[in-house]
Amino acid sequence: MKFKFSQLRTLWGVLFAAIFLWAPLAAQAQWWSFGSNSNRPVISELLFNSISALRVERQLYMSTDELQQNKITVRGRSEVGQGKIGRVEASLDNGVTWTAIPFNEQGLFAFEFAPEIGRAYPFRIRSLSTTGQVSEEADNAFEFKLVKDDSRQLARAAFEKLLQRYMARDRSGFMQLVSNQFAGDAVALDSALGNDFRFFDSIRIEPVIRQMAASNSRWIIHFSFTRQVRSTKTGQMLKDQAQSAVTLVRDGEDFKLVELAAPLIFGVSDPGNVATYVAEGSAGRPVLTVDDAGNASTANQQRSSTAATPIRDARILQGQGVTRSGNVVPCGSGQNCAIRLWDGKFEAGADVPSALVIELSDSSLDAVQLPLLGSSSAAVLPQPGKLYGVELSDGTAFVVRYVSGSTGPGAMPPGAITTANIQYRHFR
């Protein structure tokens with residue numbers, strides 16, 4: 001059984017003639033000339049449309065609203081330490097059949113297919129080097145399925161369910177909605193919930209969602225809230241109002257909690273181990289706190305230790321970039337720029353030794369740690385709410401956060417961005 005990609009063969013010629021500069025056919029014909037080197041190639045980038053699939057372990061579910069022209073474009077990069085990439089192959093039937101995927105000299109590859117709703121595709125991809133080595137198939141083997149749902153509504157429903165179970169003081173039910181990828185300390189969250197329910201009753205939280213941004217199978221929900229609780233120790237009613245954020249990640253056909261910002265609305269008893277960053281605009285606001293003995297009060301929300309430098313805003317146009325001093329300058333060839341926006345993508349400037357942009361897993365500038373950690377590539381398509389950084393030649397790092405653009409929330413197709421609002425910071 002071969003791939004039943006809709007119009008795949010007719011599209012390949014047009015798609016890749018525009019994207020890739022092909023190596024001479026004579027050179028490509030030698031991919032099978034095996035040597036004796038044991039260096040195995042790796043798949044270093046893997047995207048399903050705008051969603052990263054590089055670290056998917058079992059399942060990747062996408063909804064119909066995440067399609068692009070009713071198709072999935074699988075693209076990425078294969079790299080090898082010695083030799084060259086000689087072949088890239090993908091399978092949608094768990095390796096029973098393999099189809100060769102076009103790639104260029106840099107190991108960039110891509111193909112399209114039109115998935116059927118509800119059908120499970122056991123996906124595998126592998127690359128072969130000119131020295132005869134094969135990448136580890138198990139590293140990129142998972143079930144892909146297109147589900148008929150609205151991911152935005154699912155994420156919102158998951159957030160509401162978390163609120164309901166928390167206000168109902170349902171500790172075990174709440175933890176069932178927490179992802180095993182939780183960015184904070186999941187054990188500490190479970191313990192903090194127990195203390196919350198021991199120290200407070202009559203919990204009432206009324207959130208107002210201000211913004212929802214999708215990024216790599218995740219929804220970041222920014223909200224303001226009004227909260228009221230009663231201290232079980234004193235009987236006193238306590239109220240606070242603030243802004244915060246939660247991040248939810250797709251887990252099968254649903255979404256689960258993966259990250260919490262301070263001020264916390266869940267796990268108030270242990271913010272140091274539960275929250276991973278401080279929500280922007282909340283520092284200095286009086287919020288609910290409680291000590292180990294159950295003494296509840298309100299106190300000003302503190303900033304994290306990495307928030308000493310104020311966030312600056314800038315308007316970055318196509319072909320312009322930001323210098324390390326924070327100036328916006330023309331940046332057609334990357335000179336004098338830490339990072340630039342070019343053809344709808346972030347690219348590293350001339351002062352970046354690796355020429356790579358790092359897509360960080362953090363969702364706030366307040367959560368950034370040095371050295372920068374995350375997936376890297378020569379250029380990245382900015383997603384709302386995501387952080388992107390570069391490491392400069394002097395050992396410092398420059399990080400930008402894409403806030404919004406001319407096409408609104410969601411993936412930004414190349415060339416579609418005319419202006420973008422950027423928050424940025426230079427870290428030492």
Between a residue in segment 170-182 that is over 16 Å from residue 260 (Cα atoms) and any residue that is of a type in the set (D, E, K, R), which pairs come within a Cβ distance under 6 Å, given they are 6 or more apart or on different chains? 173/165
For segment 79-98, does any single residue satisfy the condition of being in contact (Cβ under 8 Å) with a residue 40 or more places away in the chain, among the basic types (Lys, Arg) and not in a loop (DSSP other than H, G, I, E, B)? yes
Please work out which residue is farthest from residue 247 (Cα to Cα), limiting yourself to segment 155-201 and to residues that are in contact with a strand residue (DSSP E or B) (Cβ under 6 Å, 6 or more places away or on another chain) and open to solvent by 50 Å² or more (accessible area, probe 1.4 Å). 167
Which of the strands (runs of 3 or more DSSP E) contained wholly in segment 218-309 include at least 3 residues that are more than 18 Å from the chain's Cα centre (by Cα)? 218-231, 237-251, 286-290, 296-300
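Name every residue in segment 163-181 that is in a helix (DSSP H, G or I) and closer than 17 Å to residue 228 by Cα, in order of residue number.
Step one: of segment 163-181, the residues in a helix (DSSP H, G or I) are 163-167, 171-175.
Those that are in a helix (DSSP H, G or I) and closer than 17 Å to residue 228 by Cα: 163, 164, 165, 166, 167.
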Take residue 236 and tell me if it is open to solvent by less than 60 Å² (accessible area, probe 1.4 Å) and either in contact with an Asp or Glu (Cβ under 8 Å, 6 or more places away or on another chain) or farther than 16 Å from residue 193 by Cβ (or both). no
Can you pull out the residues in segment 244-264 that are modelled with pLDDT of 90 or more and open to solvent by 20 Å² or more (accessible area, probe 1.4 Å)? 256
Here's a check for you: in segment 66-110, which residue that is of a type in the set (Gly, Ala, Ser) and open to solvent by 30 Å² or more (accessible area, probe 1.4 Å) is modelled with the lowest pLDDT? 81
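Condition first: in a strand (DSSP E or B) and either out of contact with any Lys or Arg (no Cβ under 6 Å at 6 or more places or on another chain) or open to solvent by less than 10 Å² (accessible area, probe 1.4 Å) (or both). Now tell me which residues in segment 111-133 satisfy that.
In the first step, residues of segment 111-133 are kept if they are in a strand (DSSP E or B); the result is 111-113, 117, 120-129.
Result: 111, 113, 121, 122, 123, 124, 125, 126, 127, 129.
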Would you pick out the residues in segment 282-296 that are out of contact with any helix residue (DSSP H, G or I) (no Cβ under 7 Å at 6 or more places or on another chain) and either on the phi > 0 side of the Ramachandran plot or among the hydroxyl-bearing types (Ser, Thr, Tyr) (or both)? 282, 284, 289
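The values are calculated or read from the model by the stated rules, or taken from the named source; none is laboratory data. In this text the structure is predicted, and so the values were computed from the model without any measurement. We place every Cβ from the backbone using ideal geometry, glycine too, and count neighbours over all the protein chains shown. Keep in mind that these areas ignore ligands, DNA and RNA; they rest on the heavy atoms of the full protein, side chains included. Shrake-Rupley method; radii C 1.70, N 1.55, O 1.52, S 1.80 Å.
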